[in-house]
Amino acid sequence: MDAVLEELKAGVRRFRTEVYPEHEQAYVKAASVPQTPHALIVTCADSRIDPELITQSRPGDVFVTRNVGNLVPAYGEMLGGVSAVIEYAVSALKVQHVVICGHSDCGAMKGLLNPESLEKLPTVKSWLKNAHAALSVANSLTETDENKEERLRRLTEENVLLQMQHLRTHPSVAGAMAREELTISGWVYDIGKGEVRISEDGGRVFVPVTIKGESA
């Protein structure tokens, strides 16, 4: 017996008996009308990240693509799945906002900081070339007394900012932004704290999304 498969089946059963009945009408509606998501979220493939849960989105609210390091290759350099998702989301689905979402304790960012750890992962190593400029910027800004955690946080932020730059090179995105039909933002999700910090309006500073009683 495949224990992992059985665990997944158990999850499906719980979904069908506990989750689906409570939200049946939402699922029926989602299945009966064309999808009209308002946002595209580009985030990491890390199993600890759940963009629908973080944003409390319902079926059909957000279009999501995930990959190692939440990377967006600049247009024309590595056309593939990510580029196709962006084009479809912006040109066909007409999303109004695109999020690039990085996160704390990112294995991809750790790999950039420790390239020797990628020697047995040649495909990952090649893919992470799309983040090398972020590493260069982070290195140039590193303080002499910066510890490993601070350096990782800096690189994570710089990577999100870099991928936002790459995103703007895609024709569908550039056109929609020029027509003021699309906006973009960069997020960093702290897994342990449940906190999201956002860079918007072209800024480099990531500001926490506060709740009542919190200060920024």
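Listed by position, the helices (runs of 4 or more DSSP H) inside the stretch 20-103 whose residues that are free of Cβ contacts under 8 Å to residues at least 24 places away in the same chain and under 14 Å from the mean Cα position of the chain (by Cα) number at least 3 are 51-55. Among the conditions (1) touching a strand residue (DSSP E or B) at 6+ places or on another chain (Cβ under 9 Å); (2) crowded, with 17+ Cβ neighbours inside 10 Å, the only one that residue 81 does not satisfy is (2).
In the set (1) surrounded by 16 or more Cβ atoms within 10 Å (Cβ to Cβ); (2) over 19 Å from residue 128 (Cα atoms); (3) hydrophobic (A, V, I, L, M, F, W, C), the condition left unmet by residue 53 is number (1). Residue 33: out of contact with any strand residue (DSSP E or B) (no Cβ under 9 Å at 6 or more places or on another chain) and modelled with pLDDT of 95 or more, yes or no? Spelling it out, it is not the case that residue 33 is out of contact with any strand residue (DSSP E or B) (no Cβ under 9 Å at 6 or more places or on another chain) and modelled with pLDDT of 95 or more.
All conditions but one from (1) closer than 25 Å to residue 39 by Cβ; (2) without any contact (Cβ under 8 Å) to a residue 40 or more places away in the chain apply to residue 122; the one that does not is (1). Of everything in the stretch 186-216 that is among the hydroxyl-bearing types (Ser, Thr, Tyr) and surrounded by fewer than 19 Cβ atoms within 10 Å (Cβ to Cβ), the residue that is modelled with the highest pLDDT is 210. Identification of helices (runs of 4 or more DSSP H) wholly contained in the stretch 116-216 with 1 or more residues that are within 20 Å of residue 103 (Cβ to Cβ) and of a type in the set (A, V, I, L, M) yields 122-127, 132-141, 148-168.
Taking the criterion of being within 25 Å of residue 126 (Cβ to Cβ) and touching a helix residue (DSSP H, G or I) at 6+ places or on another chain (Cβ under 7 Å), the residues of the stretch 48-77 that qualify are 64, 65, 67, 68, 69, 70, 71, 72, 73, 74, 75. Taking first residues from the stretch 163-192 that are within 18 Å of residue 75 (Cα to Cα) and in contact (Cβ under 8 Å) with a residue 60 or more places away in the chain and partners that are in a helix (DSSP H, G or I) and basic (Lys, Arg), the Cβ contacts under 8 Å between residues at least 6 apart in sequence or on separate chains come to 184/168. Among the listed residues 129, 120, which satisfies the condition of being modelled with pLDDT of 95 or more, within 28 Å of residue 201 (Cα to Cα) and basic (Lys, Arg)? None of the other options fit; the residue is 129. Filtering the stretch 138-168 to residues that are at pLDDT 95 or above and of a type in the set (A, V, I, L, M) leaves 152, 155, 160, 161, 162, 164, 167. Could you look through the stretch 49-64, keep only residues that are among the charged types (D, E, K, R) and out of contact with any His (no Cβ under 9 Å at 6 or more places or on another chain), and pick out the one that is farthest from residue 93 (Cα to Cα)? Filtering the stretch 49-64 for residues that are among the charged types (D, E, K, R) and out of contact with any His (no Cβ under 9 Å at 6 or more places or on another chain), the one farthest from residue 93 (Cα to Cα) comes out as 50.
The values are calculated or read from the model by the stated rules, or taken from the named source; none is laboratory data. Given the structure is predicted, the values throughout are model-derived calculations rather than measurements. Ideal geometry is used to build each Cβ from the backbone, glycine not excepted, and the neighbour counts take in all protein chains shown.
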